[in-house]
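Below is one structure; the comments refer to it alone.
Each value in this text was obtained by applying a stated rule to the coordinates, not by laboratory testing. Since the structure is predicted, the reported quantities are computational estimates derived from the model, not experimental observations. In this analysis, Cβ positions are derived from the backbone assuming ideal geometry, glycine residues included, and neighbour counts consider all displayed protein chains.
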């Protein structure tokens, strides 16, 4: 019989041979596989059922052409994707990302991570993800509407409230969700509120969904800090990004008494030694849809620096990477450590590469991995599904209380798994194991499908 390590190594080699150019997907697979040796050693049933090889292969990967007409009357073509990765514990659930970097590898990595993240929430939702290499920046509302209508015309064949429920992600907010929902309703001829989440509260959305990922990240990190007699209160915090996740992580961190001194966009970052003015940031990014550099025009004491990667050279007690994958590399991690960082909480999906994670763990930095710390968004999306099914909206207070409860449970379950399998305090290992075991057990119970 194969040893646990041999089995895991052999499956990983198979994945590499099948998908040698899918760097992001291979990185996500490797990061999870590194945690699983004690699980397979203790539970040989997972080897007997060949769970690992089954779980890394998506149930379905859909790609399609998206033709649309720009404001000059010219036909444009983009690629659309949807990966329906695993439905062992519920219908596929995961966001849609509109960004030029989107390709099959990124969608597969996101869907793979989503499978375990969704399992951690304790809700009945499987893993999926999708999107397009369409860039909404610089496009008119009319262009975005025409693109999203074309995108949904194809995607509508594969989704439904009990099949696959997409949501928003980078480049997909309430505007894009609204256009897609309208097109789905037009195509299907009926009102299916549960087919998309992240909707406006005017037609079935949930209060608190916009804030959920950022708030959830801070709730998780605060619980992690509390176990070490630390807190956001009085801490200096750096948050990368300036989208929904970043803005509401900043808001909740400030509510908890932190001083947030920096945030960024893809062009550069701002540093405000007095603390970021949230009202200005919200107006610039949510209302005016401008670049972050506009902040210094209203706050001339603040500094703007070209190049967003420089944000990690700033000294801070807590770092919250909330922008995109692999934004913190080994060098940035070492700088953060040398500058005295105490905790890192991932608000984005896989924002720290494997070498950076090793640096944090080797230096005993408190580290909250994305699949656990940023699960708040999908958790509240599932709460939105529950409200749509019952046709009863919840108050903001009820949603937020449930979100906080879910994030604390994720922390506790990840901590328990890390201790049970011999890696106390390692939340990377703990969250990977806790999510994997739930999905794997469901797959075994449902047979070979």
Q: With 10 Å bins from zero, work out the P(r) of the stretch 15-109 over every alpha carbon pair and list the percent per bin.
A: 12, 36, 30, 13, 6, 2, 0
Q: Compare 115, 148, 280 in a GNM of the chain, Cα atoms joined below 10 Å, and give the one with the largest fluctuation.
A: 280
Q. Tell me, how many Å apart are the Cα centres for the stretch 98-165 and for the stretch 172-218?
A. 13
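Per 0.36 nm of contour for each residue apart, how much would the distance between residue 9 and residue 190 grow if the chain were fully extended, relative to their Cα-Cα spacing?
Once the chain is fully extended between residue 9 and residue 190, it gains 60.3 nm.
Of the listed peptides 328-338, 120-130, 18-28, 226-236, what is their order by residue-averaged count of other C-beta atoms within 10 Å, with the highest listed first? Let's see the in-between values first.
Working: 328-338: 19.0, 120-130: 25.2, 18-28: 16.8, 226-236: 14.5.
Result, highest mean first: 120-130, 328-338, 18-28, 226-236.
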Q) Based on the alpha-carbon gyration tensor of the stretch 195-246, what equivalent-ellipsoid semi-axes (square roots of 5 times the eigenvalues) come out, in whole Å, largest first? A) 29, 13, 8
Q. In nanometres, what is the gap between the two model label sites at residue 71 and residue 363, each 7 Å from Cα along Cα-to-Cβ?
A. 4.6
Q. Anyone know which of 30, 438, 398 comes out most mobile in the 10 Å Cα GNM of the chain?
A. 398
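Multiply the residue separation of residue 445 and residue 101 by 0.36 nm, subtract the distance between their alpha-carbon atoms, and state the gained length in nm to one decimal. Write down the numbers at each step before the final one.
Numbers: separation 344, 0.36 × 344 = 123.84 nm, distance 3.75 nm.
Value of the extension gain: 120.1 nm.
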Q) Kirkwood Rh over Cα pairs of the stretch 60-192 into Stokes-Einstein at 20 °C, 1.002 mPa s: D in µm²/s? A) 145
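Suppose a student asked you for the relative contact order of the stretch 276-433, using Cα pairs under 8 Å spaced at least 6 residues apart; what percent would you report? Let's see the in-between values first.
On the way: 205 pairs, mean separation 22.9, N = 158.
Relative contact order for the stretch 276-433 comes out at 15 percent.
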Q | Nitroxide proxy distance, nm - points 7 Å out along Cα→Cβ at residue 282 and residue 405 | A | 2.7
Q: Quote the relative contact order of the stretch 4-55 in percent (integer), defining contacts as alpha-carbon pairs under 8 Å separated by 6+ residues.
A: 51
Q. Relative to a virtual label point 7 Å from the Cα of residue 45 in the Cα→beta-carbon direction, which members of the stretch 1-28 show backbone nitrogen distances below 20 Å?
A. 1-5, 7-8
Q) In what sequence do 352, 266 fall when counting other Cβ within 10 Å, fewest first? A) 266, 352
(Q) Need one number: nm distance between label points at residue 203 and residue 175, each 7 Å from Cα along Cα→Cβ, rounded to one decimal. (A) 1.6
Q. Given a cut-off of under 8 Å on Cα pairs at least six residues apart, what relative contact order in percent is computed for the chain?
A. 15
Q | the stretch 313-376 and the stretch 236-297: distance between their alpha carbon centers, rounded to Å | A | 18
Q. In the stretch 1-140, what % of DSSP beta bridges are antiparallel (nearest 5)?
A. 75
Q. Nearest 0.05, what FRET efficiency do residue 293 and residue 398 give at R0 = 41 Å with Cβ-Cβ as r?
A. 0.60
